[in-house]
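Since every read-out is calculated from the coordinates, none of them should be taken as a lab result. All values reported here derive from a predicted model rather than from experimental measurement. Cβ: placed from backbone, ideal geometry, glycine included. Neighbour counts: every protein chain shown.
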Amino acid sequence: MFVRAYLRASTDSQDASRAKDSLIQFAADHGHKVAAFYTENESGAKFDRPVLFRLLDDSHEGDVILVEGIDRLSRLTPDDWAKLKAIIAAKRVTVVSMDLTTSHGALKASDGMDEFTKGMIAAVNGMLLDMLAVIARKDYEDRRRRQAQGIRTGKEAGVYTGRPVDEKLHKRIKECLAAGMSLRKTATSVGCALSTVQRVAK
């Protein structure tokens, strides 16, 4: 069994690797070591996440995808969550989330467990995964709605100026590009999303 940790933050200004130490300790507490870390700055509401799909491509049957919380893996619409679950199921890997106790059993030996018990645990865990994914999506939509309301109010009051540009990040990106780095390598080097590098390059 390989434990592959997935870390995600929504924006370039957030530290996607914030939970790394917690995941290392969690795996150790359950008798495992994290074999690889996959980190990206992309919205959890976005289905097409390059690093997440690289993790899935690298995974083999019996591997574990370890996340801090289900919202790190998904803030997807129900249809997109169903597609992602189908891909995970086809790879025959298991999602273990620190905030979902029933998923922790995947890190324990199940040799002495009968098939009925295994099936019941898997069914309960799947149901709870779905519930947490729905909650994560609702939280995303609620925040977006409140954000839009705040922007609208700010515009009406004449005080909204938009998100400030991260000048230091843009400078580092330009330096990497000027040195001949590819867009993707630049994104990895400065620790930001590929889309940000593409915007600066334009």
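What the table below lists for this structure:
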item: Gain on full stretching of the segment that runs from Lys108 to Lys174 - 0.36 nm per residue minus C-alpha separation; result: 19.0 nm
item: More than 15 angstrom apart: percent of Cα pairs within the stretch 1-74; result: 51 percent
item: Inter-probe distance in nm under a simple model that places probes 7 Å from Cα toward Cβ, at Lys20 and Arg146; result: 3.0 nm
item: Unit Cα scatterers, Debye sum, the stretch 46-90: log10 I(q)/I(0) for q = 0.16 Å⁻¹; result: -0.42
item: Alpha-carbon spread of the stretch 163-202, three principal axes, descending order, Å; result: 28, 18, 15
item: Spherically averaged projected area in nm², based on the convex hull that wraps the Cα atoms of the stretch 1-150; result: 9.1 nm²
item: Those lysines that a straight Cα-Cα span of less than 19 Å connects to Lys33, excepting residues fewer than 8 apart in one chain; result: Lys20, Lys108
